[in-house]
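Read-outs throughout are calculated quantities, based only on the coordinates presented, and are distinct from any laboratory measurement. All values derive from a computational prediction rather than experimental measurement. Cβ placement follows ideal geometry from the backbone for every residue including glycine, while neighbour counts extend to all protein chains displayed.
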Amino acid sequence: ILNVEQSPQSLHVQEGDSTNFTCSFPSSNFYALHWYRWETAKSPEALFVMTLNGDEKKKGRISATLNTKEGYSYLYIKGSQPEDSATYLCAFGNEKLTFGTGTRLTIIP
Amino acid sequence: DSGVTQTPKHLITATGQRVTLRCSPRSGDLSVYWYQQSLDQGLQFLIQYYNGEERAKGNILERFSAQQFPDLHSELNLSSLELGDSALYFCASSVVPSGGRETQYFGPGTRLLVL
């Protein structure tokens, strides 16, 4: 059974502050790591697919890094805004996606 | 809006009943995936279809079945429903079988409540 763990489970951040959270996954047989953003009452929205060790991807104020050798990925949000409030999911891709339980981020205005 | 549609949005039914959830993938996507999100659990992969054929199976109960039709829409059938089947069911699609590297686009989900 694949273990994909995300920490912290939840996070409250002041508007304007930057933040980051972690996704840990098995370092063997790595294929791909996905990040999704899931707002309440909406569909999970794809942010990044990362496949190479050392990959860094960026989308606006959100960026992610990948370390496949040690089995972790970080998601960073710079200058948090209220609209960043969501649950951020990572998923380990190896034929199918195995999701973590997510980090619930709340931005405090 | 991801382009993936799911119906119905909400479904309330009783234990022992059978329901069908429907998914239409994004235009051009050949692969469809079904996921279950139960309380306090991550998204659990159930089953994948590609161009009408079953491609991969996850933790799908024998009481559940799915199919993908020639027009590429998919249906997930849940039978002999139990209270524990109450969950949010998502459908996702991708152009080709994901193999883990293709982005999957998620529909809005069907919330099933079994009473």
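Quick notes on this one:
- Anisotropy class of region A:18-68 from Cα gyration tensor, a/c 1.5 cut: prolate
- FRET efficiency for the pair A:THR22 and B:SER38, taken as 1/(1 + (r/R0)^6) with r the Cβ-Cβ distance and R0 = 35 Å, rounds to 0.90.
- Candidate lysines - alpha carbon under 24 Å from A:LYS57, same-chain residues fewer than 8 apart omitted: A:LYS42, A:LYS69, A:LYS78, A:LYS96
- Net charge of neighbours whose Cβ lies under 13 Å from the Cβ of B:LEU88, counting Lys and Arg as +1 and Asp and Glu as -1: +1
- For the pair B:ASP1 and B:ARG101, label points projected 7 Å from Cα toward Cβ lie 3.2 nm apart.
- Percentage, to the nearest whole number, of Cα pairs in region B:1-62 over 19 Å apart: 42 percent
- Our summary gives region B:1-102 a relative contact order of 34 percent, counting only alpha carbon pairs under 8 angstrom and 6 or more residues apart.
- Counting Cα-Cα pairs of chain A in 10 Å increments starting at 0 gives whole-percent bin shares of 16, 50, 28, 6, 0.
- Cα-based shape type of chain B, given that a ≥ b ≥ c are square roots of the gyration tensor eigenvalues and the cut on a/c is 1.5: prolate
- Calculated SAXS-style log₁₀ I(q)/I(0) at q = 0.08, 0.17 Å⁻¹ - the protein assembly as shown, Debye, Cα scatterers: -0.29, -1.20
- Between region A:60-109 and region B:65-87, the Cα center-to-center distance that results, in Å: 29 Å
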